[in-house]
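Undergrad: Dumping the structure here so I can ask a few things about it.
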Amino acid sequence: MGNFKELLERKPLSLVVSLPENDIALARAAMEEGADALKVHYNVGHRASGNHFGPLDMYAEVFRAIRSEFGGPLGVVPSGSIDGAQREDVERLGGLGFDFYSIYAHHLPSFMLSDLGLDPTFAINEEYDASLVTSAAHFGFTALEASIVPGKEYGTPLSFADVLKYRRLVLQAQIPVLVPSQRKLVPEDVRVLRDTGVKAIMLGAVVTGNTEEQLRRAVNGFRNAVDSLNRPD
């Protein structure tokens with residue numbers, strides 16, 4: 001069992017931080033404030049942060065540096081297109097210390113369905129037929145990232161309509177569901193997200209901002225909210 005799969009099975013609700021930049025200082029801030037897992041990017045334009053991440057070779061050293069300091073699961077988005085997911089790069093990821101990858105289903109080429117030594121996770125957007133996710137377990141996927149908020153609605157508050165969609169995916173997916181912070185999530189949302197049955201909240205740029213101070217404040221607030229759910233009243 002991979003480290004990320006083990007985390008999702010062991011903890012009722014995990015806190016993943018998707019770094020707005022591939023930066024060791026931001027990674028340290030997330031670690032110190034209590035992130036259970038980290039996610040980085042290469043070869044992709046990131047809509048929420050406005051950042052563009054270049055090729056793998058640009059970041060190999062910083063990825064190694066993050067890995068050397070962080071003991072938890074470390075994941076990567078390896079491409080923002082199906083043509084950009086290159087086999088020679090993907091096959092290097094285990095050697096760089098990655099535990100899992102995350103990529104949209106329509107960007108995931110067939111070679112990535114073979115065992116690459118990483119926990120495979122995939123994302124769907126708002127255009128997917130949600131009933132299709134029931135097939136993911138058959139292909140050995142570790143988790144589903146529910147990236148189902150339309151881009152034009154990024155940064156708006158969580159609604160009950162969102163909660164119903166997340167709950168439907170939890171019931172259909174048969175694998176753990178992660179909710180990324182496409183909405184402007186706040187710590188008060190943690191309880192209702194836990195009650196939908198999702199297994200992780202993934203904080204990204206919409207919530208963390210792009211600076212170390214902003215990221216620390218956001219991760220700390222969500223860490224406290226998650227931990228308070230596990231304490232007896």
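Undergrad: Could you order K5, K165, K39 by accessible surface area, starting with the largest, using a probe radius of 1.4 Å?
TA: The ordering from most to least exposed comes out as K165, K5, K39.
Undergrad: Per DSSP H run of n ≥ 4, the term is -39500 (n - 2.57); total these for the chain, divide by its residue number, and report the mean residue ellipticity at 222 nm rounded to 500 deg cm²/dmol.
TA: Numbers: 8 runs with 74 residues, N = 233.
So the calculated ellipticity at 222 nm is -9000 deg cm²/dmol.
Undergrad: The list [x] 18.9; [y] 17.5; [z] 20.9 gives values of Kirkwood radius over Cα pairs in Å, and only one came from this structure; which label was calculated from it?
TA: [y]
Undergrad: Now for a different question. Compute the Cα gyration tensor for the range 165-233, then decide on rounded, prolate or oblate, letting a ≥ b ≥ c be the square roots of its eigenvalues: rounded whenever a/c is under 1.5, prolate when a/b is larger than b/c in the other cases, and oblate in all that remain. Display every interim value, and only then the final one.
TA: Numbers: a/c = 2.61, a/b = 1.39, b/c = 1.88.
Here the range 165-233 falls in the oblate category.
Undergrad: With springs only between Cα atoms under 10 Å, which of V44, V192, V177 fluctuates most in a Gaussian network model of the chain?
TA: V192
Undergrad: For K165, go through the aspartates and glutamates and keep the ones whose alpha-carbon is under 20 Å away, minus same-chain ones fewer than eight residues off.
TA: Counting by Cα, and skipping residues close in sequence, K165 has these aspartates and glutamates nearby: E126, E127, D129, E145, E153, E188, D189, D195.
Undergrad: Further question: Taking just the alpha-carbon atoms of the range 113-181, what radius of gyration and Dmax come out, in angstrom?
TA: Cα only, the range 113-181: 12.7, 38 Å (Rg, Dmax).
Undergrad: Using a probe radius of 1.4 Å on heavy atoms only, what accessible surface per residue do you get for the chain? Whole Å² is fine.
TA: Details: 10270 Å² over 233 residues.
Ligands and nucleic acids excluded, the result is 44 Å² per residue.
Undergrad: Going by Cα centres, the range 37-92 and the range 120-151 are how many Å apart?
TA: 20 Å
Undergrad: If you count only protein heavy atoms and use a 1.4 Å probe, how large is the accessible surface of H52, to the nearest 10 Å²?
TA: Spelled out: H52, probe radius 1.4 Å, area about 140 Å².
Undergrad: Could you tell me what percent of the accessible area of the range 8-64 is made up of carbon and sulfur, with a 1.4 Å probe and every protein chain present? Mind showing how you got there, number by number?
TA: Values: 1060 of 2280 Å².
Carbon plus sulfur share of accessible area: 47 percent.
The values are calculated or read from the model by the stated rules, or taken from the named source; none is laboratory data. Being a predicted model, the structure only gives us computed values, none of them experimental. Only protein heavy atoms, including side chains, enter the accessible area calculation; ligands, DNA and RNA are left aside. Shrake-Rupley method; radii C 1.70, N 1.55, O 1.52, S 1.80 Å.
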